[in-house]
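The structure under discussion appears below in the form of structure tokens.
The values are calculated or read from the model by the stated rules, or taken from the named source; none is laboratory data. All of these numbers come straight from a predicted model, not from anything done at the bench. Positions of Cβ are generated from backbone atoms using ideal geometry, with glycine treated the same way; all protein chains shown enter the neighbour counts.
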Amino acid sequence: MHEMILQGLRDAVRDSNSPGAVACVGNGAEILFLEAAGDAQLDPVRVAARTDGIYDLASLTKVVATTTAVLLLREQGAIELDRSAADYVPIEAFRKMTLRHLLTHTAGFLAGRPFYRTHTSVEGMLMESAERGIDNAPGVRWVYSDIGFMLLGRVVERVTGQTLDRFCQSRIFTPLNMGDTCFNPPESVRPRCVPTERCGWRGRLMQGEVHDQNSYAAGGVTGHAGLFSTADDLARFCRAFLCGEVVSESTLDEVSVKGQVPFYPWQGLGWLIDPWDTKTTGFLPSRRALGHTGWTGTSIWMDRDTGVFAILLSNTCHPGTGNRDNETLRNTFYRSVARALYPRRANTHAGVDRLLRESFYILRETRRVALLTNHAAVDEMGRHILDVFGLGPSNKLHVLYSPEHGIRGNYEAGATVASEQGDVPVISLYGTQKRPSQAELAEVGYFLVDLQDIGSRYYTYMATMRDCLAACAQAKKPVLVLDRPNPLGGVVLEGPIAERTGSPVCCARIPIRHGMTMGELAVFFLREEFSKQKLNVFVHPLDSWRRDLLFHECAYPWVPPSPNIPTPLTALLYAGTCLFEGTNLNEGRGTETPFHVIGAPWLDAEGVIGRLQPGETPGCTVSACRYTPRAIPGKASNPRYRDEECQGIRIHVHKPSEVRAFTVAVALLRAIRNRHPRQFEWGPTFDILAGGDALRTWLERDEPPADIAARVAPQLDAFAAARPRRYE
């Protein structure tokens, strides 16, 4: 672990062309990693980075000092977060904004202005901001803002009668024994201060003086910048903060609750929460992570679930700002921490989350939008995409399209789905109409797709998307796919490449377990079928997702995408047990555990299980059972062997990442055929599901599953090398 993180730190410094960095990683009271890499100073002489270097924290001031001070005052009853800022700093232009608006960057201010050119006090800067007017109404837009935290700093000072630095020293830094943390470091520690920019405005190298120009002009003590500290001091802060020793657990809960800014749910009180691994902030892969960054190259992330904290301090703006690359620095380092401490865990963000985070930017010039979706298209907070669209600047939805099972997912497999009228009509593409008409598409500027696929070729949503792509190619309409995780991951491929296509349950020459997301499938169809047509396909990609992860490792809400796929484990087994739909066995429809159980009245379950060979049920075990399929409205109105007791075989998943459902299904099919040569029958749909007659032929020759896997392996290797790979 130590070597992995150390290499990540060194790679981060090298790849970002930073002078150097110091990093500290801990878990509760234990320090797991504290190292320096590269240099602290390049100009005028080279000085190696040291772990006790004192860094200009820049905007980490907002959370370590100002947010903490505000929360402490709130806990003692001195302020109320939902009161007007003007009640504490009497500037009438700020009357409509509350302290909560300021903490969540929703007060209406823009990011920042060069106040330092004309002012030497925070008061003067606030007055200029008031005279210019607020840029947005409070509470309607998230815009990261320095001026809001400058105002919060003044709130602390006016309420306490102390300067911000003295209040923080007495209430935060001294109690936590943070001896190297302060505003305006004294001369005695200046040699340990890590320099930032050689500033043309100030005519010197900035060392031990705040880099931020507005803070410098105001004396170096402001609510948005000015704090200096070391990795060791910040580790003390993180440990105490996570343990409820700085503010109470109930306050910490309020700080980190998701959705307090509905249109930007990644903002907590002061702190950023639930980070993205492709943005500039750095991250820990946890929904309950909170953190912040500083312009100079600093960052902190803490995980309330695990107690892990990771601190990264650098001076990327030294000796000048031309090579500053905080994004590469942070993401390279924090990915090494994630690999070391979170090997099978992520806080995945889907395409719909990106659409919201980017304020629907891609649709900014589009008046009307068509959307192919259903009930399972939820964001990371469980809000349906139609509700997410309601948070946008304007409701652009013109028409909805639904796949098999309908817009609400309440039609059983194969049932004809009716269209619906309304303010936004719902047109079914699983009835008499299979694709959008040219007249319908003429009314829209963009066609969006947001569907949760389940990773198997038999599932019809990809076929519906393909038909929509064909219609959009003809109409010359751009397509935006809001991507979602493949519940089966993207590493393991199973089953033969389809030789015969043309059915909704086998629409492409891909494996059964194909390893692609819907976005990657769209790119596959574009490449294989529409490359000669002028079809523009854009994908809003996933964030914080890796191909080796299964759905339960993504921390994303699961909504059953169809009535008989109630859980991600069902989707995992479906990749194999769906083949039993092409036989005369029941595949578990008519029970509460579809695709986890197979059976028939004539099945000798114990005899079949006895014929299985070691290694033929990877990741799971099987047991004999009895069950009776029943009619379940909306799920299975007439399951095979309805109301007849079946002798069954139940599949128990123990290690999901090791499950190879196709291998399990093939082993069971072979064993059932051998035990019941007269009772077992192929159905007319088996070859359609299998993508041709090869699999049936191999089983009729009694080929073992291992031999069938060996036949298929070269196909899968070639496909794996050629398929679209948006993620690693």
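The table below gives the values:
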{"quantity": "Meets criteria (assigned by TED's automatic domain parsing to the domain that holds Val210, surrounded by 23 or more Cβ atoms within 10 Å (Cβ to Cβ) and within 19 Å of Arg158 (Cα to Cα)) for Val89", "calculated": "no"}
{"quantity": "Within the range 573-626, tally of residues that are in a loop (DSSP other than H, G, I, E, B), among the aliphatic types (A, V, I, L, M) and over 14 Å from Gln647 (Cα atoms)", "calculated": "1"}
{"quantity": "Tally, over the range 406-444, of residues that are surrounded by 15 or more Cβ atoms within 10 Å (Cβ to Cβ) and basic (Lys, Arg)", "calculated": "2"}
{"quantity": "Condition broken by Val47, with the remaining ones in (1) within 30 Å of Leu313 (Cβ to Cβ); (2) touching a residue at least 24 places away in the same chain (Cβ under 8 Å) satisfied", "calculated": "(2)"}
{"quantity": "Residues of the range 397-414 satisfying the condition of being closer than 16 Å to Leu448 by Cβ, in contact (Cβ under 8 Å) with a residue 40 or more places away in the chain and assigned to a loop (DSSP other than H, G, I, E, B)", "calculated": "Pro403"}
{"quantity": "Residues (under 16 Å from the mean Cα position of the chain (by Cα) and polar (S, T, N, Q)) located in the range 271-320", "calculated": "Thr278, Thr280, Thr281, Ser286"}
{"quantity": "Filter result (surrounded by 14 or more Cβ atoms within 10 Å (Cβ to Cβ) and either over 19 Å from Tyr574 (Cα atoms) or aromatic (Phe, Trp, Tyr) (or both)) within the range 645-667", "calculated": "Cys646, Gln647, Phe662"}
{"quantity": "Any strands (runs of 3 or more DSSP E) falling wholly within the range 422-525 and containing at least 1 residues that are acidic (Asp, Glu)", "calculated": "446-450"}
{"quantity": "Whichever residue in the range 197-239 is farther than 22 Å from Ala310 by Cβ and of a type in the set (Ser, Thr, Tyr) and, among such residues, is surrounded by the most Cβ atoms within 10 Å (Cβ to Cβ)", "calculated": "Thr222"}
{"quantity": "Helices (runs of 4 or more DSSP H) (entirely within the range 1-112) containing at least 1 residues that are within 25 Å of Asp146 (Cβ to Cβ) and in contact with a helix residue (DSSP H, G or I) (Cβ under 8 Å, 6 or more places away or on another chain)", "calculated": "68-75, 99-103"}
{"quantity": "Criterion (outside the structural domain of Tyr574 (by TED's automatic domain parsing), surrounded by fewer than 20 Cβ atoms within 10 Å (Cβ to Cβ) and aliphatic (A, V, I, L, M)) met by exactly one of Ala631, Ala709", "calculated": "Ala709"}
{"quantity": "Failed item in (1) part of a helix (DSSP H, G or I); (2) without any contact (Cβ under 8 Å) to a residue 40 or more places away in the chain, with Phe237 passing the rest", "calculated": "(2)"}
{"quantity": "Subset of the range 482-505 [closer than 12 Å to Arg466 by Cβ and either touching a Lys or Arg at 6+ places or on another chain (Cβ under 7 Å) or buried (at least 22 other Cβ atoms within 10 Å of the Cβ) (or both)]", "calculated": "Thr501"}
{"quantity": "Top-ranked residue in the range 543-575 [being in contact with a helix residue (DSSP H, G or I) (Cβ under 9 Å, 6 or more places away or on another chain) and aromatic (Phe, Trp, Tyr); ranked as nearest to Arg725 (Cα to Cα)]", "calculated": "Phe551"}
{"quantity": "Count - residues of the range 240-256 that are touching a strand residue (DSSP E or B) at 6+ places or on another chain (Cβ under 8 Å) and either without any contact (Cβ under 8 Å) to a residue 24 or more places away in the chain or among the aromatic types (Phe, Trp, Tyr) (or both)", "calculated": "1"}
{"quantity": "The lone exception for Pro175 - which of (1) more than 30 Å from Ser359 (Cβ to Cβ); (2) surrounded by 13 or more Cβ atoms within 10 Å (Cβ to Cβ) it fails", "calculated": "(2)"}
